[in-house]
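Shown next, in structure tokens, is the structure this report addresses.
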Amino acid sequence: MNVLIVNPDKVFLSALSPLLEKDGHNVSVACDMTAALQVLEQSPPGLVVMEREYLEQEGQPFFAKLGQDDGLPIILLTSGSQTGEGVKFAPAPKQHELERIEAIVARVKEATSDRRSETLRVGDLVIDFAKKQVSFGGRRIKLPPIQFRLLAHLALNVGRVVEYQELLWEVWGYQGENSEARELLKVHIRQVRRKLGWDAAKAEYLQAVRGFGYMLAEPEETD
């Protein structure tokens, strides 16, 4: 798989890249968003690995470009240390950095393994990630990109309550107040339920967990 790593830390890039290449991935690296956008245009990746903090600060053009590929997964990392202007990189990663890199490699393996199965089934709901298609009970359901991403993220976390702010970040790509996320999600959840013919009162498949978020449940879990 083509994997794009976006990180301003060149030592981090030089340590992580060979490990992913050893696992058979074609790795592209970018130290800034300009380089990352060039990679997206020239050699579209199947997976992106980048720091959450860096994406929040610099990532609007990147997210706009990603809007053309709604199924592209991103592994967002929590930064382990702060670096600023004038801070020199160490000549080699320290032990805690190596442990972090090993954990990232494991996450990439998990993500790319999941991608080998392009179809996800939850009861009568079938999501085809390759074709960006959804069907329920054998009937094709047309969903716009936002609602496809919303349903797909819930399906990838079936049986788990996904909180409002996590959905806001994963689907729309930005962080906001809990109340903003809740109100925005209400509109799209209502439309998804209507299109799939799910009864909100019976909590069919898609359950609202008041004050927290939403959960997609297997049919036997909806009683």
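Here are some notes:
- Residue within the stretch 152-169 that is over 27 Å from E51 (Cβ atoms) and either in the same structural domain as K131 (by TED's automatic domain parsing) or among the small types (G, A, S) (or both) present: yes
- Positions within the stretch 1-26 being β-branched (V, I, T) and crowded, with 20+ Cβ neighbours inside 10 Å, in sequence order: V3, I5, V6
- Enumerated helices (runs of 4 or more DSSP H) restricted to the stretch 1-66, each holding at least 3 residues that are farther than 25 Å from W172 by Cβ, at pLDDT 85 or above and not assigned by TED's automatic domain parsing to the domain that holds E170: 10-22
- Taken together, A208, A181, A200 contain a single residue that is at pLDDT 90 or above and surrounded by 11 or more Cβ atoms within 10 Å (Cβ to Cβ), which is A208.
- Count - residues of the stretch 184-194 that are surrounded by fewer than 17 Cβ atoms within 10 Å (Cβ to Cβ) and touching a Phe, Trp or Tyr at 6+ places or on another chain (Cβ under 9 Å): 1
- Residue ID - modelled with the highest pLDDT, chosen from residues in the stretch 159-178 that are under 13 Å from G213 (Cβ atoms) and polar (S, T, N, Q): Q165
The values are calculated or read from the model by the stated rules, or taken from the named source; none is laboratory data. The structure presented is a predicted model; accordingly, all values stated were derived computationally and were not measured. Note that we place each Cβ from the backbone using ideal geometry, even for glycine, and neighbour counts take in every protein chain shown.
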